[in-house]
Structures are given as structure tokens and as C-alpha cells.
Amino acid sequence: MDLSSLRKIADEFNSELDLALAGEKSSLRILPSFLSAPTGQEMGHYIAIDFGGSNLRVMLVVLKGQGGYEIIKQIARPLKDPQGRYDYTTDNTSGQEVFGFAADLIAEVVRGVSPDQLGLTFSYPMQQNSICSASLIRWTKELKPRQTVGRDIGKMLGEALIKKRIDIEPVAIINDTVAVFLAGCYYDSSVCAGSICGTGYNVCLLEPSRRTAADQAMIVNTEAGNFSMLPGNLYDRSLDQATDDPGQQKMEKMVSGKYLGELLRITLRDMGEKGLLPGYTPSLTIWNQPFTLPTEVLGWLQTEGSRERQMLNNWMEVNGFDNKLENLTLLKLIGSAILERAMKLIASTYIAILRRPGQINNKRQVIAVDGALFKHLPEFLAGVESILRSELPDRSVSLLYTADGSNIGAAVAAALAEDSIETDARSLASDSTPEGPQFII
Ligand code: GLC
């Protein structure tokens with residue numbers, strides 16, 4: 001992908017954002033969060049839940065103000081047990097069961113403590129009605145529990161908590177990009193957008209034309225993983241056809257952790273079939289079963305360390321993959337091409353956002369990022385950042401890696417929700433007549 005395609009994609013992304021803002025047909029969305037940037041002074045004890053990747057994580061977080069926080073307790077459990085004892089990702093599971101599973105984890109964390117509030121990061125497209133109420137638009141990332149689409153996520157979690165007699169209810173529900181924005185901005189007030197590249201891919205931004213109740217610019221979720229004005233190739237199309245939602249999440253399927261390993265698998269299989277992969281054995285499971293090549297392999301291929309080399313060798317051996325130098329070189333080459341394309345595509349969406357009218361005047365621009373690709377592939381963050389810097393030489397642009405962004409952001413959102421409840425209560429009190437109560441009959 002050359003520079004002119006990168007710039008063209010950035011322009012298309014901006015046009016799609018404009019259409020979404022105008023309420024017209026677009027592959028992007030402008031989903032309100034009802035929240036604005038935090039001050040960095042939020043404080044208190046919060047239960048923070050991260051529901052959106054392969055693990056469900058619950059933490060007890062203390063916000064200390066001035067960007068400081070401490071994680072007091074945490075539990076993470078996979079939605080799908082690797083030993084096969086349970087699986088909350090398929091349509092054999094109901095929403096009630098999934099949220100029941102979340103409530104069990106929350107019960108373990110709240111035992112013996114009395115947190116102020118609970119914030120939930122729920123990383124799927126949802127239409128927000130208020131800070132604490134949001135209905136699920138659809139699932140992404142190959143998840144599909146039934147009796148959930150169109151339902152209120154806050155209510156479902158609230159009901160599960162009541163059922164298990166856990167005395168706390170969600171006061172804030174946010175997307176993970178909004179969470180990483182809040183967590184990043186809690187620490188650095190120059191944060192103007194938040195992005196995740198983990199199991200899925202997405203971006204949110206501070207949008208001046210959308211206002212919160214306190215008349216501040218609102219953080220909006222664009223569901224950038226669904227951006228569709230992209231030149232996909234033969235392998236992208238073949239991957240898309242094998243997913244649960246063909247035709248959707250085009251960008252996500254080209255850049256995120258859920259799919260990059262699969263792209264490598266499909267490409268290698270094609271080379272094998274064309275006689276270009278020495279020792280290719282078509283009957284092996286890896287060539288016949290989708291999603292059997294974990295994205296981690298791309299990371300091992302990029303790193304020279306002996307631990308990574310060992311992991312790679314084991315993986316090749318277990319999968320009956322011929323461990324020839326020729327094969328390794330080919331794997332590395334294709335792996336780098338896949339990662340490089342992902343970095344360029346991601347950078348083009350960031351460039352689009354940083355150039356928007358509401359952002360352009362800020363001399364210092366920071367995008368808070370989190371997710372497995374930024375976390376486990378050090379070259380990834382640096383690679384995206386260097387494209388941004390060369391395309392936007394007139395200002396200071398950086399990516400802020402925000403560890404545990406999804407959880408810390410949920411805690412900050414709960415603190416902001418608490419403040420907005422107090423503000424509402426104060427304004428209600430000042431609106432009432434000072435003479436005493438009025439009785440409405
Ligand atoms: C998917 C979800 C989106 C989320 C992203 C990153 O694209 O639809 O809401 O932010 O994954 O987890």
C-alpha cells in the first residue's frame with residue numbers, strides 16, 4: 001500500500017464520518033457516549049468490568065486523582081473455556097447466562113469490599129440512551145449469544161446482579177474505545193481520540209458538534225471496524241465469506257487480532273495449493289479448519305528472541321508444518337506484509353481524525369490506544385506513530401499506550417456518572433421553589 005492510497009483512504013474515512021454526522025448512509029456511526037473528557041481529578045473505589053475480548057475481566061480500581069490509580073483486585077476468565085467445560089460465545093448461550101457469568105465474577109471481586117459504583121465497558125456496537133442504558137445493535141468479533149440484540153445491556157447486567165443478590169448496579173456503560181479515551185485523558189488532557197486494536201478494531205473521538213448535558217463536546221464511538229471503503233484482495237474476500245457476518249466489519253477483518261492469523265492461514269494455504277510452500281500437506285487440520293492459526297504467531301515471526309523462536313518451532317511442529325528455513329522465510333515475509341498493511345490502514349484512519357476541523361487547531365494531539373496488537377507487538381505502535389508523524393509534520397502527534405484502558409476507563413466513567421447524578425440532583429434542588437415542597441395532585 002503506497003502513500004497515495006493511504007491518503008485516499010484517510011479522505012474516504014473523513015467523508016464517511018461526515019455522512020454519519022449528517023445522519024446519512026455511511027459504513028461508520030456516530031454513537032453518543034453522553035460523556036466528555038474527564039478532569040483527571042476523579043476519585044473513589046470502583047468495580048470496573050471489561051466485556052469485549054476473549055476474556056471477561058473484573059477489577060476493583062481506586063482512582064486517586066491527578067491521573068493516578070491502583071488496581072486492588074482483579075479476576076479474568078475466558079468466555080470460552082479452553083478445556084471445553086463452558087462456552088459463552090455461541091448461540092447455545094442466552095444473554096441471561098452470559099450476564100450471570102459476569103455477575104459471578106463481580107461477586108468474587110466485591111466480596112468484603114464496598115465500592116462506590118460500578119462501570120461496565122461493553123465493546124460491541126450499542127445505541128446509548130443515557131450514560132447507564134444502551135441497547136445492543138449487533139454482535140461483532142464472532143460472538144453470538146441469543147436473546148440479546150435490541151436489549152438493554154445495563155438492565156441485563158443489573159438483573160443478573162439482583163438475581164445473585166449482589167448489591168451494586170451499573171451506573172455507566174461505555175464502549176472500550178471510550179474507555180481507553182477516558183483512561184488516557186485522565187492522565188494526559190491532550191488526548192483527543194481513543195482506539196483499540198485487539199480482538200477487534202475501533203476508534204472514538206471528541207466531537208464538538210455533539211454536546212453533553214453540561215454542554216461540553218461529547219465522546220462518540222465511530223465503530224471504525226465497519227469502515228468499508230477499502231480495497232480488499234482475494235484473501236480478504238475469502239476470509240469474509242467464512243465469518244459469521246459476511247459483508248460487515250471490513251476494516252476490522254483486515255487489521256485486528258481476531259482475523260490476522262486467519263489471513264496468514266488462508267494466504268499460506270493458497271501458496272501451498274499453488275506448489276509454493278515446501279512440504280505442504282493438504283490434509284492437515286490447520287489447512288482445513290478456520291481460525292486455527294493464532295495471531296500470536298505473527299508476533300513470534302517478528303521477534304528475534306529465543307523464547308519466541310522456541311514458541312514458533314513448537315507451534316510448527318504441533319501443526320505438522322515443515323520447519324525448513326525456506327518456509328520460515330516465507331512465513332516471515334507474508335506475516336510482515338499483513339502487519340504492515342494493518343499499520344497503514346490504522347494510521348490512515350487516525351490521520352483522518354487528527355485532521356478534522358474540531359481537532360486541527362490543537363498543536364499537541366494524543367490518541368490513547370490499547371489492545372493486544374499495541375501491547376504485544378512493540379513495532380506496531382511505533383510503526384503507526386511514525387506514519388502519523390511523517391504525514392502530519394506540522395504538529396506534535398503521539399500515541400499513548402494506555403495499559404488496562406478498558407477497566408480504568410470504566411472506573412473513570414462510573415466516577416463521571418456519579419458526578420452527573422450529583423449535578424442533576426443539585427440542579428433539581430436549585431430549581432425547586434425555596435418556600436417549601438409543592439404538592440402536585
Ligand atoms: C468491535 C466492536 C467495537 C469495539 C471493537 C474493539 O469492532 O464492534 O464496539 O470497540 O471491536 O474491541
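A full extension of the chain between Ala337 and Ser238 corresponds to an added length of 33.9 nm, given 0.36 nm per residue minus the alpha carbon distance.
Look at where the Cα atoms of the range 292-319 and of the range 100-140 average out, and the two centres are 35 Å apart. Within the accessible area of the range 274-343, the carbon and sulfur atoms contribute 56%, probe 1.4 Å, all protein chains present.
Computed over the chain with a Gaussian network model linking Cα atoms closer than 10 Å, the most mobile of Leu17, Leu260, Leu325 is Leu325.
Treating r as the C-beta distance of Glu317 and Met271 and R0 as 22 Å, the FRET efficiency rounds to 0.65. Summary of the geometry: the range 225-263 and the range 324-391, compared by the centres of their Cα atoms, lie 17 Å apart. Given Cβ point charges of +1 (Lys, Arg) and -1 (Asp, Glu) and nothing else, what value in debye, to the nearest 20, does the dipole of the chain about its Cα centre take? Using only the charged Cβ atoms, the result is roughly 600 debye.
Listed by chain and number, the lysines whose C-alpha is less than 16 Å from the C-alpha of Lys164, apart from same-chain residues fewer than 8 away, are Lys155. Across Lys25, Lys64, Lys250, mean-square fluctuation computed from a Gaussian network of the chain (C-alpha pairs under 10 Å connected) peaks at Lys25.
Relative to the longest principal axis of the chain, what angle (0 to 90°, nearest 10) does the C-alpha long axis of helix 95-110 take? Tilt relative to the chain: about 70 degrees.
Counting only protein heavy atoms and using a 1.4 Å probe, the accessible area of Met316 comes to about 0 Å².
Positive-end ranking of Tyr88, Pro294, Gln117 along the dipole of the chain, with charges on Cβ about the Cα centre, is headed by Pro294.
Calculate, for Ile360 and Gln147, the FRET efficiency according to 1/(1 + (r/R0)^6) with r their C-beta to C-beta distance and R0 60 Å; round to the nearest 0.05. So, using R0 = 60 Å, E works out to roughly 0.85. Per residue, the convex hull spanned by the Cα atoms of the range 1-122 amounts to 211 cubic angstrom. Largest GNM mean-square fluctuation among Thr212, Thr140, Thr199, using the chain with Cα springs under 10 Å: Thr212. Taking the DSSP bridge list for the chain and keeping only pairs wholly inside it, about 65 percent are antiparallel.
Quick one: angle between helix 257-273 and the longest Cα principal axis of the chain, in degrees between 0 and 90, rounded to 10, please. Helix 257-273 sits at roughly 20 degrees to that axis. A simple spin-label model places pseudo-atoms 7 Å from Cα toward Cβ; at Thr292 and Arg85 they are separated by 2.7 nm.
Per atom type, the range 103-216 shows carbon and sulfur on 46% of its accessible surface, probed at 1.4 Å. With every protein chain in place and a 1.4 angstrom probe, the accessible-area ranking of His45, His376, largest first, reads His376, His45. Annotation: Cys192 carries an accessible surface of approximately 10 Å², with a 1.4 Å probe and no ligand, DNA or RNA atoms counted. On full extension, the segment bounded by Ala403 and Lys324 gains 24.7 nm, given 0.36 nm per residue less the C-alpha separation.
Each other residue within a Cβ distance under 11 Å of Thr177 adds +1 if Lys or Arg and -1 if Asp or Glu, for a net charge of -3. For the pair Arg7 and Glu308, a Förster radius of 35 Å applied to the C-beta separation gives a FRET efficiency near 0.55, rounded to the nearest 0.05. Axis of helix 378-391 versus longest Cα principal axis of the chain: the two differ by about 80°, to the nearest ten degrees. Accessible surface of Lys141, taken over heavy atoms with a 1.4 Å probe and every protein chain present, rounds to 20 Å². What the chain shows is 45 Å² of accessible area per residue, with the surface traced by a 1.4 Å probe over protein heavy atoms. Exceedance of the 26 Å cut-off in Cα-Cα distance is limited, within the set Lys141/Lys324; Lys250/Lys363; Lys25/Lys250; Lys80/Lys332; Lys258/Lys375, to Lys141/Lys324; Lys250/Lys363; Lys80/Lys332. Charge tally for Gly198 (other residues, Cβ to Cβ under 13 Å; Lys, Arg +1; Asp, Glu -1): -2. Normalised by the number of residues in the chain, the average gap of Cα pairs under 8 Å and 6 or more apart makes the relative contact order 20 percent.
The values are calculated or read from the model by the stated rules, or taken from the named source; none is laboratory data. Everything quoted here is computed from the prediction, not taken from an experiment. Backbone-built Cβ (ideal geometry, glycine too); neighbour counts: all protein chains shown. Accessible surface areas use protein heavy atoms only, side chains included; no ligands, DNA or RNA. Shrake-Rupley method; radii C 1.70, N 1.55, O 1.52, S 1.80 Å.
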